[in-house]
Amino acid sequence: MPLFNKKKRIKYLGFNDIWFSITGILIISIIANYLFNNPSERKSIELILIGWVASLIPTICDWCTIRFILIFLRKKFPDFKDDFKRILFLLFAIIGVVLFVDFTLGFFLAKFFSALGFYSTHKVMLKVLLPVFLIIIMTMAIYEAVYYYIRLKKSIREEEQTKQVMIQAQLDTLRNQAQPHFLFNSLNTLRDIIDHDTKEGAKGFVDNLSNVYRFILESGNTNLVSLQEELKFAKAYMYIQTERFGDNLKITWNITESKLSCMIIPMSLQLLLENAIKHNIVSKAKPLRITVETKGDCLQVSNKIQIKSTQIPSTKIGLENIVKRYTLLSSKLPEITNDGDMFVVSLPLLKLSDQKKNHANTNH
């Protein structure tokens, strides 16, 4: 029973109300005793005690009955949309219970005390009952306020959890989107190698590509990785590209060691390097120079714009993918600058505390 089971009391009432009930019953019984009787007319402690007991017993019955009805109504009407209906039923129940208990039980108690030799007249007036109604209604209002607050907190928590699941699903989709994007561009690179290089060169590229994919699979379930891990992956990728382009592709790494523990979106640096190679001329006459450096709290990737006369097919998701993932995870977003001469992307370096609340626990 909820009356004796602590877990059920908390489940249906929102809090452990044992002391609240005891205090409420004592206060209401004392007030009722004063309203129904005139304590100054009693000449002995015994009569005062009898008068208080005569008020205490109906108060206990009122409280326990109304509390039982309150729990029953919460089981039957648990939703926010049913609040008005439930409270209306509770008000009618309070009026009915108080009238029934005070008239019937008061009558039998009067008879009982008369049989013991004490003078008793049982008379219940509406003007006396009205304060009792108001006190009990105010007490039940406290129950309702606590219940509403607890349900509101639970509802907000469940909404946040649902939002977190949805965001994680979006992140997983974007992360998985980046991997086929990498494969798509790698296959285009392999096609170029087959067209212009030896069979051994193509085999070497595939071997290195498998090592890179091993790294992708090992970090495939994380939303953030350390800059050190991302650099390791990006350098492995650039090793493949330098095998293809030789001295025509030049990259400068200027990384502050203290920033290596900062967090970054996985595969973001690799995607930027991949896009720079894909969309710009890389030749002996026009070597492509890419600079990767830390500036403040950002990782900056820049290259001179050398647009190809013929573009290879593009999925057009690289930069968009990075921006979307940063948007979902943090309030800090990448900055993209294209002045016609230089193309610069600044990726914010994050801390775990920079993650939005909804997905601060989505790293796994």
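The values are calculated or read from the model by the stated rules, or taken from the named source; none is laboratory data. Please read these numbers as outputs of a predicted model, since none were measured by experiment. Methodologically, a virtual Cβ is constructed for each residue, glycine included, from the backbone with ideal geometry; neighbour enumeration extends over all protein chains shown. The accessibility values were calculated without ligands, DNA or RNA, using every heavy atom of the protein model including side chains. Shrake-Rupley method; radii C 1.70, N 1.55, O 1.52, S 1.80 Å.
Values as computed for the structure displayed
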{"read-out": "Cβ-defined net charge surrounding Lys295, 15 Å radius [Lys, Arg +1; Asp, Glu -1]", "value": "-2"}
{"read-out": "Heavy-atom accessible area order for Val345, Val206, largest first, 1.4 Å probe", "value": "Val206, Val345"}
{"read-out": "Sequence of Glu229, Glu293, Glu257 when ordered by accessible area, the most exposed leading, probe 1.4 angstrom", "value": "Glu257, Glu229, Glu293"}
{"read-out": "Pairwise FRET efficiency - Lys81 versus Glu335, Cβ, R0 = 45 Å, nearest 0.05", "value": "0.45"}
{"read-out": "Loop trypsin sites (Lys or Arg not before Pro), the range 259-345, which have at most 14 other Cβ atoms in a 10 Å radius of their Cβ (DSSP)", "value": "Lys284, Lys308, Lys316"}
{"read-out": "Space enclosed by the convex hull of the alpha-carbon atoms of the range 218-264, per residue, Å³", "value": "77"}
{"read-out": "Under 5 Å, built H, 5+ apart or other chain: amide partners of Cys298", "value": "Leu349"}
{"read-out": "Cβ-based net charge around Leu227, under 15 Å, with every Lys or Arg adding one and every Asp or Glu removing one", "value": "0"}
{"read-out": "Cα-Cα separations in the range 220-350 greater than 20 Å, expressed as whole percent", "value": "43"}
{"read-out": "Neighbour net charge for Thr139 - beta-carbon separation under 12 angstrom, K R +1, D E -1", "value": "-2"}
